[in-house]
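The values are calculated or read from the model by the stated rules, or taken from the named source; none is laboratory data. Just so we're clear, the structure is a prediction, and the values are computed from it rather than from any experiment. No Cβ is skipped: glycine too gets one built from the backbone with ideal geometry, and neighbour counts run over all protein chains shown.
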Amino acid sequence: MHKEATILFTRNVRPEPDAIEVIIGPRARFSGQLQCEASIRIDGVVDQGRIETPSNVIITETATVQCDINARVVSIRGKFKGVIQAERVELLDGSQVAGVLNVNSFYMDETVVMRAAVNIRADAAEIKPPSPPANPNVPVVQAAERSQTPTEPS
């Protein structure tokens, strides 16, 4: 049993990706660069900077965030202004969002206030332009045919 406890609390053990390891509380104010391997919950204020995680960022209804975010999933209920790079962005009831959202997947509730550009992208390898038809059936109107159109009686 002692051996298990030692393994559990060593610094080499990485947290689960969805475990919330960093919380910026409702009375906290942060400016700067925040990098974390686990999920981040923001209840307070982020004035400026950048947040990076391979996991999730949760912006609660009490939060006011003005920074850039790079994460897997960003869920917003509070106020956000900045640029987001994410697999998925969820704008939930009551959120107010401004900036640019670069995402693969996007969800928005009806009561959201949004003044943002949403760029939904996919892997470039998946995007293939359609090939033109082998024998296009496009009618060509000659100038002589145009002048010979029947006229309606007066």
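If residue 37 satisfies every condition in (1) modelled with pLDDT under 95; (2) closer than 22 Å to residue 73 by Cβ; (3) not in a loop (DSSP other than H, G, I, E, B) but one, which is the exception?
(3)
Residue pairs, Cβ under 8 Å, 6 or more apart or interchain, first in region 40-65 and closer than 19 Å to residue 91 by Cα, second among the hydroxyl-bearing types (Ser, Thr, Tyr) and outside any strand (DSSP E or B). List them.
Every condition considered, the pairs that remain are 40/53; 40/55; 41/60; 42/60; 43/60; 43/62; 44/62; 59/95.
Of the residues 51, 20, which single one is at pLDDT 95 or above and surrounded by 13 or more Cβ atoms within 10 Å (Cβ to Cβ)?
Every option except 51 fails the conditions.
From 122, 98, which residue is modelled with pLDDT of 95 or more and either within 30 Å of residue 59 (Cβ to Cβ) or in a strand (DSSP E or B) (or both)?
The conditions single out 98.
Cβ-Cβ distance below 8 Å, separation of 6 or more or different chains: which pairs start in region 71-86 with a residue that is at pLDDT 95 or above and end on one that is hydroxyl-bearing (Ser, Thr, Tyr) and in a strand (DSSP E or B)?
Sorted first by the residue in region 71-86, then by its partner, the pairs are 78/64; 79/64.
Which residues, counting only those in region 90-118, are under 9 Å from the mean Cα position of the chain (by Cα), farther than 16 Å from residue 41 by Cβ and buried (at least 17 other Cβ atoms within 10 Å of the Cβ)?
101, 103
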